[in-house]
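The values are calculated or read from the model by the stated rules, or taken from the named source; none is laboratory data. Being a predicted model, the structure only gives us computed values, none of them experimental. Virtual Cβ from ideal backbone geometry, glycine too; neighbours counted across all protein chains shown.
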Amino acid sequence: MKDHEHETNDEVDDHAPVLDGGDRDLDALCEAWVAWCRGNGLYWPPSVRPAVIASLPSSTRSVRLGSAISPASIAALHIAYTCQPTAIDKQVFDLYYVARVKPIKSAAAALGIGRAHFYRVLVEFRRRIGTTARILEGNAGAHGLQLQVNHAEPGAVNTESVS
């Protein structure tokens, strides 16, 4: 089954890309990462100026939780995300996943881009951090390390040797 980016029954965005299996899995990982960040009280300075976020409609998308995703995958995505420079693509990602702004047309306009471009940038950024996360997770495993979330210190990511 193919679906649009966070399509709701009453609102279909014709510019939203259709998610294939790989993109759906990445979307689920990003949603799990946002839920993990919020659940652990992890906050960071937004890549988007607060004035931009404040100027957008207060309507937000709900957090979607999918199937269980390994803590190592979430930790790897967290590292991949935090290592990205603050640029338009990270701002798009933050407005979409972190601030959960809707309608997307308003978020795109606030950044000075069109809705179709917003989605294109979102897909590319999500794929880039997803690829980086898989590489990090694979390299950690190859070196006998396991990425995990440090529950003693919310938001921290550790690597531990696998015996």
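Odds and ends about this structure:
- Qualifying residues in the range 100-134 (those that are touching a Cys at 6+ places or on another chain (Cβ under 9 Å) and buried (at least 19 other Cβ atoms within 10 Å of the Cβ)) - the one nearest to Leu56 (Cα to Cα): Arg126
- Some residue of the range 78-98 being surrounded by 18 or more Cβ atoms within 10 Å (Cβ to Cβ) and either free of Cβ contacts under 8 Å to residues at least 24 places away in the same chain or outside any helix (DSSP H, G or I) (or both): no
- For the range 99-114, residues that are assigned to a loop (DSSP other than H, G, I, E, B) and closer than 18 Å to Cys30 by Cα total 3.
- Among residues of the range 135-163 being crowded, with 16+ Cβ neighbours inside 10 Å and under 24 Å from Gln91 (Cα atoms), the one that is modelled with the highest pLDDT is Leu136.
- Restricting the range 47-77 to residues that are within 17 Å of Lys102 (Cβ to Cβ) and buried (at least 16 other Cβ atoms within 10 Å of the Cβ), the residue that is modelled with the lowest pLDDT is Arg61.
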